[in-house]
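Here is the structure we will look at.
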Amino acid sequence: QVQLVESGGGGLVQPGGSLRLSCAASGSIFRIYDMGWYRQAPGKQRELVAIRTSGGSTSYADSVKGRFTISRDNAKNTVYLQMNSLKPEDTAVYYCNAVVQPQSSDPAYNYWGQGTQVTVSS
């Protein structure tokens, strides 16, 4: 069984502030491919925020480019999201995501963290 556990970083922050989210994968893990972050605002669909491949390539939503940075510690199976210059429109529940192959004989599956509320408001 694979688990993604998000920790730290969520909560209320003023516009222009910063937060850092962390997400660690644990359990039966043979290989992790992509790790990333998605978010879902009230009344909206879940959207991709940032993704980082196992090879180090990154991709960002246009709305966060230049403000958010995704990083990854492969030795710790952990992905981070540093969020700077936060705006009210960044308010959402943030979910980490990982594509994981549990055993060498398994296909890869999509796993999700439990979600972290980020509220940007004065």
Legend entry - The one condition in (1) in contact with a Pro (Cβ under 8 Å, 6 or more places away or on another chain); (2) modelled with pLDDT under 95 that residue 53 fails to fulfil: (1)
Legend entry - Within segment 22-42, tally of residues that are assigned to a loop (DSSP other than H, G, I, E, B), farther than 23 Å from residue 104 by Cβ and at pLDDT 95 or above: 1
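Looking at 81, 86, can you tell me which residue is within 11 Å of the chain's Cα centre (by Cα) and crowded, with 19+ Cβ neighbours inside 10 Å?
Numbers: 86 fails: within 11 Å of the chain's Cα centre (by Cα).
Result: 81 is the single residue among 81, 86 that is within 11 Å of the chain's Cα centre (by Cα) and crowded, with 19+ Cβ neighbours inside 10 Å.
How many residues are touching a helix residue (DSSP H, G or I) at 6+ places or on another chain (Cβ under 8 Å) and either without any contact (Cβ under 8 Å) to a residue 24 or more places away in the chain or more than 17 Å from residue 97 (Cβ to Cβ) (or both) if we restrict to segment 42-81? Steps first, answer last, please.
So in segment 42-81, the residues touching a helix residue (DSSP H, G or I) at 6+ places or on another chain (Cβ under 8 Å) come out as 49-50, 54, 63-64.
Pick out the ones that are also either without any contact (Cβ under 8 Å) to a residue 24 or more places away in the chain or more than 17 Å from residue 97 (Cβ to Cβ) (or both) and you get 54, 63.
So the answer is 2.
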Inset, instruction - Could you please tell me which pairs satisfy a Cβ distance under 6 Å, a separation of 6+ or placement on different chains, a first residue in segment 104-116 that is on the phi > 0 side of the Ramachandran plot, and a second residue that is surrounded by 12 or more Cβ atoms within 10 Å (Cβ to Cβ) and β-branched (Val, Ile, Thr)? - result: 115/93
Legend entry - Yes/no for residue 85 being closer than 23 Å to residue 121 by Cβ, hydroxyl-bearing (Ser, Thr, Tyr) and outside any strand (DSSP E or B): yes
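Each row is one residue, and each column tells you yes or no for (1) open to solvent by 60 Å² or more (accessible area, probe 1.4 Å); (2) of a type in the set (Phe, Trp, Tyr); (3) within 15 Å of residue 114 (Cα to Cα).
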position	(1), (2), (3)
3	yes, no, yes
11	no, no, yes
19	no, no, no
24	no, no, yes
29	no, no, no
38	no, yes, yes
43	yes, no, no
49	no, no, no
55	yes, no, no
Legend entry - Pairs, first in contact (Cβ under 8 Å) with a residue 60 or more places away in the chain and over 12 Å from residue 84 (Cβ atoms) in segment 7-25, second small (Gly, Ala, Ser) and open to solvent by 30 Å² or more (accessible area, probe 1.4 Å), C-beta under 9 Å, six or more apart: 12/121; 14/121; 14/122; 21/7; 21/8; 21/10; 23/7
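The values are calculated or read from the model by the stated rules, or taken from the named source; none is laboratory data. These numbers were taken from a predicted model, which means no experiment stands behind them. Note that we place each Cβ from the backbone using ideal geometry, even for glycine, and neighbour counts take in every protein chain shown. Remember, those area values only see protein heavy atoms, side chains included, never the ligands or the DNA or RNA. Shrake-Rupley method; radii C 1.70, N 1.55, O 1.52, S 1.80 Å.
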